[in-house]
Amino acid sequence: MPQVLIVGAGATGLTLAIELLRRDIDVRIVDIATEYFSGSRGKGIQPRSIELLAMAGLADEIMASGTLYPFIKLHFGPIGIKAWSLGTHLPPSEDRPYPNLMMLAQWRTEEILRSRVEALGGKVELGAGIEALAQTSGDVRVTLTTGEVVTAEFVVACDGGRSTTRRLLGLQLLGSTVDAKTSIVADLEMEDLDPRFWHAYPLRRGGLHSLAPLPGGELFQLQAPESIAANGLEAGVARMTGKKVRRVIWQSRYGHQTRMVDRYRIGRVFIAGDAAHIHPPSGAQGLNTGMQDAFNLGWKLVSAIRTGDETILDTYEAERLPVAATMLNLTRELHSTVSKSRGDLTNQLGLSYHGGPLATGRTSGDLRPGDRIPDRRLADGRRLYEAMRHGGATQIVDTGGDHILVRPDGYIAEIGGAEVTSYHGHDVVHILAVDCSA
Ligand SMILES: Cc1cc2nc3c(=O)[nH]c(=O)nc-3n(C[C@H](O)[C@H](O)[C@H](O)COP(=O)(O)OP(=O)(O)OC[C@H]3O[C@@H](n4cnc5c(N)ncnc54)[C@H](O)[C@@H]3O)c2cc1C
């Protein structure tokens, strides 16, 4: 019997699988799709997601595959004006090794995550959807579309915006529609369109009309109201750009809603990613928030399985539900204004669990319990994030003598406590002589 059954192998489910497999948890991961997702859809990876991927040893591949967000070119008929970029173009600093929003097609992000799942001994089982669910106080029984009944200690619903698991749990998505119109997202091969720019067409009515160059320079991601395809997608895009569409590689429709569930845990079943909260694309938050759910829940499931004490699992909802609510407000605001960034809120570096159930002790300089631990060069030449790849908790003794206990997901658990060897069932690795408050 697997200890954890993950339903849905998108970015959320794959990230969770990595967080569990690298800590030796027995995982099954099933997906109703019969082939892997092939579209560019969620193409913006935020700095905080890359930092957490760095702790899982995956940042180098993400950085090598992605590109910085290009500048936008606004087209007014025959006139094109270079405008702003939706991402920053900052150099790395000591405490922010990945300061910029990176562009990477969602299929490629998922491919990188899936290869790591496989390297850790896991496997995505395609063509196996959830159909029914029943739980006792000790386990969960899930009936799959293949007819198989899987019994697991815990189940995590990562099955996306139309989550079947959410329906089986009786949870509702609460919230509102930001824009009633449906839009199209498509990956297009264009003839003679400059791949150095994200092309936008502000004179077109009905919402955002744009073509963003994807890494590799051959394909563009179209985002436009569905009406663009009224007389065929190729004809509509050709009219908008004055350029020919060579090939439509992939296309899909999406709505503009901000909705979320009001519970993240029903007994032994948890809900994460788009299954728990749906966002419009503005601000590039959906996939990133789902990955953050997975980083938060992963080590807590490991704690509960190792120690038998399941109380820590309640902190998943306590910490992540308010974050989703903040992100939904942010994306709603970004959708209705021309501004596209809110600095440390959109890049998720300012995300903090300060004041939450796991944050204790006093502050130290700018650092508060619950905050992200900034990266730092260590005395032995390594970086802190590199030294935190062990998967457990870390206790830092800085030059001022402060103990800073860091959770396995890179947030500060406690400042100023005694030296400890274990944190909720995770070994604690000690790192000496780093001044974190400087
Ligand atoms: C145009 C557009 C642009 C976007 N841009 C960004 C961006 O720049 N940055 C960002 O962070 N987000 C962005 N998003 C949002 C992002 O795509 C989603 O938030 C992300 O895909 C959510 O990941 P997930 O793993 O939670 O869900 P999904 O990616 O939806 O994955 C769910 C998985 O569950 C499987 N599944 C479904 N039903 C079942 C079932 N019954 N049983 C088993 N498996 C099932 C599906 O096959 C799928 O593989 C964008 C979205 C759109 C539409």
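The values are calculated or read from the model by the stated rules, or taken from the named source; none is laboratory data. Owing to the predicted nature of the structure, the values given are computational and were not obtained by experimental measurement. Note that we place each Cβ from the backbone using ideal geometry, even for glycine, and neighbour counts take in every protein chain shown. For the accessible areas, the whole protein counts, side chains as well, though only heavy atoms, and no ligand, DNA or RNA atoms are used. Shrake-Rupley method; radii C 1.70, N 1.55, O 1.52, S 1.80 Å.
Summary of computed values
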item	result
Which of Asp194, Asp314 is most accessible, then next, and so on - probe 1.4 Å	Asp314, Asp194
Segment Glu419-Asp366, extension gain: residue separation times 0.36 nm, minus the distance between their alpha carbons	16.9 nm
Nearest-ten-degree value, helix 11-21 long axis tilted from longest Cα axis of the chain	20
Values of log10 I(q)/I(0), in the order q = 0.08, 0.09, 0.14 Å⁻¹, for the chain under a Debye, Cα-only, solvent-free model	-0.46, -0.58, -1.32
Only Lys, Arg (+1) and Asp, Glu (-1) charged, at Cβ; the chain dipole about Cα centre in debye	1500
Average Cα contact separation per residue, the range 96-211, under 8 Å, 6 or more apart, as relative contact order %	11
R0 of 30 Å, Cβ-Cβ distance Asp192-Leu90: FRET efficiency to nearest 0.05	0.40
Listed residue (Leu193, Gly216, Thr182) projecting farthest to the positive dipole end of the range 181-246, Cβ model	Thr182
Among Ala54, Ala229, Ala128: highest mean-square fluctuation, GNM of the chain, C-alpha pairs under 10 Å	Ala229
Estimated 222 nm signal from helices in the chain, with DSSP H stretches of n ≥ 4 weighted -39500 (n - 2.57), rounded to 500	-7000 deg cm²/dmol
Antiparallel DSSP beta bridges within the range 360-432, as percent of all bridges there, nearest 5	65
Helix 106-119 vs. the chain, principal-axis angle (Cα, 0 to 90°, nearest 10)	30
Computed over the range 181-246: relative contact order in percent, which uses C-alpha pairs under 8 Å that are six or more apart	39
Counting DSSP beta bridges with both ends in the chain, the antiparallel % (nearest 5)	70
Cβ-Cβ FRET estimate between Ile79 and Asp24, R0 fixed at 51 Å, reported to 0.05	0.30
Table column - 3J(HN,Hα) (Hz), the range 309-321, Karplus curve with 6.51, -1.76, 1.60, x for Gly and Pro	8, 8, 5, 4, 5, 5, 6, 4, 5, 4, 8, 8, 4
Rel. contact order, % - alpha carbon contacts under 8 angstrom, at least six apart, the chain	17
Dimensions in Å of the range 264-400 - Rg and Dmax from alpha carbons	16.8, 49
Cross-link reach list, lysines versus Lys82, counting only Cα pairs under 26 Å and skipping chain neighbours closer than eight places	Lys43, Lys73, Lys243, Lys244, Lys340
Centroid-to-centroid separation of the range 383-398 and the range 280-307 [C-alpha atoms, Å]	19
Highest-MSF residue in the chain out of Arg383, Arg41, Arg332 [GNM, Cα springs under 10 Å]	Arg383
Tail fraction, Cα-Cα pairs, the range 181-246, threshold 19 Å, whole percent	20
Angle in degrees between helix 286-307 and the longest Cα principal axis of the chain, rounded to the nearest 10	20
Aspartates and glutamates with Cα under 18 Å of Lys181, excluding same-chain neighbours fewer than 8 positions away	Glu226, Glu333
Accessible-area order (highest first, 1.4 angstrom probe) of the listed residues Tyr36, Tyr385	Tyr36, Tyr385
Gyration tensor (alpha-carbon) shape descriptor, the range 360-432, a/c threshold 1.5	rounded
Sequence-distant residues sharing a close amide H with Ala413 (under 5 Å, placed H)	Gly370, Leu405, Val406, Arg407
